[in-house]
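Below you'll find the structure, written out as structure tokens, and then a few comments.
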Amino acid sequence: MNILIINAHSSKNKGDAGIVLSMIDSIEKNIPNAKIKIKTRFPEIDKHTYDVPVHECVANISVDPDESKVTKIKSALEMLKIIYSKNQRIDEDYEWADVVVSCGGGFLLSHRFSPALLQHLVQLKIAFDYNKPVVIYAQSIGPFYNNIMQKVSKRILDKVDNIFIRENISKTWLEKISCTNKNINVVSDSAFCMKDQQSDYVDQLFAELKKDHNGPIIGLTARDWNFPEMNDKALHRKKYVESMQQAIIHFENKYGAKVLLMPQVLGPNDFNDDRIISREILSGIVSKNSQLIDYDFNPRELKYFYSKLDMFIGTRMHSNIFSLSSYVPTVAINYEHKTRGIMELLELDEYVLEINHIEPNDLISVAEKCWENNASLRQELKIKIPDVLENAEIPAKYIAGLNKN
């Protein structure tokens, strides 16, 4: 069976790469004869991460946030022309495929008019032109705050053969845009299934980190965020950074902790490079133990790294998934509804904070509760995660059923 995975973003985002790797793991487990290709925005980078052929996505456009408005408008018009035209048979990989699978993630949304969303929709539309079955694999869908984006998204999503979503709020957003597709199912995020990979480098690094250190080792992921729903964006960003800083100092002073700031995403641009905001957080405090781990891990060894931690505080959702699936108690900071949905799935919503309203005392309080319940949370995760893993494989089993038919 030939399976074409589309809508891949960048392997510099270890969460996005983890999704694709987990899809490959699940598909190969359930369809032993599967042949897989990946369509991505950054093939020259991504070909080093995946052990299957990687090709450039159809109608590729720049994702640079500093791109001029004129360029963005031209790109958007080109995307709309493809979406509303007939029989755009412009990519032979679609001809090769038996089924086209839109990779998991959280990219089918728009806070405003969005050329990036249009490009994701174009990749789906080309599959229709080749009369291929189309499956959306474990997505978070919405929000859609732009009327044009709502209408175009509905046009495409109505035609998909099956939509697997990661949380119920995505179903609510599909209803809000009047999507008529009846084949919608809620499943776990596919990244829960990604296998970790033992790493001599990680083992050596942890031996060095624990040398002459008796306190807990806590992981933390921060990401820059522009607070699109808030009026005073600078104030809310300041509170977010201060919350991270004060939590680090609190755990250092009270428990002798060593907090490791982990860059889950290293690009493709500065806004999406977690090392920049991590350095900003550390530069604003006098820290005795904490540090940035500035290393380009592959997703499997990054998950192995997280498995060795005593606790985790994560803004990047897939850093939370990597840690939770390794039974590490985790506090999640929600910047889009996908994070809260994942934590509610595991009945851990009391360990979620909203980035738009975060305060230092709140983060410290929730993280304290997580630390105090560390042992019981580990046991709960060991009981719950196997069911989550089974649920996360449902899309792969559905694709296997297409193969049999």
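Within the shell of other residues whose beta carbon sits under 15 angstrom from the beta carbon of residue 393, the net charge comes to -1, with Lys and Arg scored +1 and Asp and Glu -1. What net charge do the residues around residue 82 carry, taking every other residue with its C-beta under 14 Å from that of residue 82, with Lys and Arg at +1 and Asp and Glu at -1? Result for the local shell: +3.
The Cα atoms of region 224-299 define a convex hull whose projected area, averaged across directions, is 5.9 nm². Ranking of 212, 294 by solvent-accessible surface, largest first: 212, 294 (1.4 Å probe, protein heavy atoms only, all chains present).
Of the residues 37, 404, the one with the largest accessible area comes first in the ranking 404, 37, computed with a 1.4 Å probe on protein heavy atoms. With N the number of residues in region 38-95, Rg(Cα) / (2.2 N^0.38 Å) evaluates to 1.34. Using alpha carbons only, how many degrees (0 to 90, rounded to 10) separate the axis of helix 233-255 from the longest principal axis of the chain? The angle comes out near 40 degrees.
Antiparallel DSSP bridges in the chain: what percent, to the nearest 5?
DSSP beta bridges in the chain are roughly 5 percent antiparallel.
Taken about its Cα centre, region 315-405 carries a charge dipole of about 520 debye when Lys and Arg each add +1 at the Cβ and Asp and Glu each add -1 at the Cβ.
On the principal axes of its alpha carbon atoms, region 274-379 extends 34, 32, 27 Å, with the longest extent given first. Summarised as an ellipsoid, region 170-230 has semi-axes of 42, 20, 9 Å, derived from the eigenvalues of the Cα gyration tensor scaled by 5 and square-rooted, with the largest first.
Across all directions, the average flat footprint of the convex hull enclosing the Cα atoms of region 195-346 is 9.3 nm². Calculate log10 I(q)/I(0) of region 1-160 for q = 0.19 Å⁻¹, where I(q) comes from the Debye formula with a single equal point scatterer on each Cα and nothing for solvent. The Cα Debye sum returns log10 ratios of -1.28.
Sorting the segments 17-26, 326-335 by their mean number of nearby beta carbons within 10 angstrom, highest to lowest, gives 17-26, 326-335. Modelled spin labels at residue 159 and residue 56, positioned 7 Å past Cα toward Cβ, are 2.5 nm from each other.
Our summary of shape: the Cα atoms of the chain have principal axis extents of 64, 48, 37 Å, ordered from largest down, in whole angstrom.
Can you give the percent of C-alpha pairs in region 124-250 whose distance is more than 19 Å? If you can, show how the numbers build up before the last one.
Numbers: 5547 of 8001 pairs.
Within region 124-250, distances greater than 19 Å cover 69 percent of Cα pairs.
What distance in nm separates the simple spin-label points at residue 92 and residue 181, each placed 7 Å from Cα in the Cβ direction? In this crude label model, residue 92 to residue 181 measures out at 2.9 nm.
Using the Cβ of residue 338 as centre and a radius below 9 Å, the other residues enclosed give a net charge of -1, where K and R count +1 and D and E count -1. For region 122-230, carbon and sulfur atoms together expose 42% of the accessible surface, with a 1.4 angstrom probe and every protein chain in place.
The values are calculated or read from the model by the stated rules, or taken from the named source; none is laboratory data. Values in this document were obtained by computation on a predicted structure and should not be read as measured data. Cβ: placed from backbone, ideal geometry, glycine included. Neighbour counts: every protein chain shown. SASA here: full protein model, heavy atoms, side chains in, ligands and nucleic acids out. Shrake-Rupley method; radii C 1.70, N 1.55, O 1.52, S 1.80 Å.
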